[in-house]
Amino acid sequence: MWALLRRTHFGLVEASNQWKLAFGRAEATADPLEREQRAYAATEALLMKIEGIRSAETEKFFGSLAFPDESALAGKPFRP
């Protein structure tokens, strides 16, 4: 699980750095309309990357869980 969390962290840091670079380019654009469009596009791309990274982490995490066999639970009372 540690490796999964580290990969997620590295992916989020990379996405953040890419956004900072793209947003910096947007800020350096002279035309106000183009600047706004570039900033919006950079932020939209960041949010999409974050969603992809988090979704992949969730799938890998829950895909690696092992549930007890039903026969192991038979006859045992449920205690929350």
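The values are calculated or read from the model by the stated rules, or taken from the named source; none is laboratory data. Quantities reported herein were computed from a predicted structural model and do not represent experimental measurements. Cβ atoms come from the backbone with ideal geometry, glycine included; neighbour counts cover every protein chain shown. Protein only, heavy atoms only, side chains kept; ligands, DNA and RNA dropped before computing areas. Shrake-Rupley method; radii C 1.70, N 1.55, O 1.52, S 1.80 Å.
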Exercise. What angle, in degrees between 0 and 90 and rounded to the nearest 10, separates the Cα long axis of helix 32-63 from the longest principal axis of the Cα atoms of the chain?
Worked result: 10
Exercise. With each run of n ≥ 4 DSSP H residues scored as -39500 (n - 2.57), what mean residue ellipticity at 222 nm is computed for the chain after dividing by its residue count and rounding to the nearest 500 deg cm²/dmol?
Worked result: -27000 deg cm²/dmol
For this session: Using a 1.4 Å probe over the heavy atoms of the protein chains, calculate the carbon and sulfur portion of the accessible area of region 1-44 as a whole percent.
Result: 61
Problem set entry | Angle in degrees between helix 2-27 and the longest Cα principal axis of the chain, rounded to the nearest 10 | 20
Problem set entry | Loop-located GluC sites (Glu not before Pro) in region 1-34, at most 14 other Cβ atoms within 10 Å (DSSP) | none
Exercise. In square angstrom, rounded to the nearest 10, how much accessible surface does K49 have for a 1.4 Å probe?
Worked result: 90
Seminar exercise, completed: Using alpha-carbon coordinates alone, the radius of gyration and Dmax of the chain in Å work out to 21.3, 72
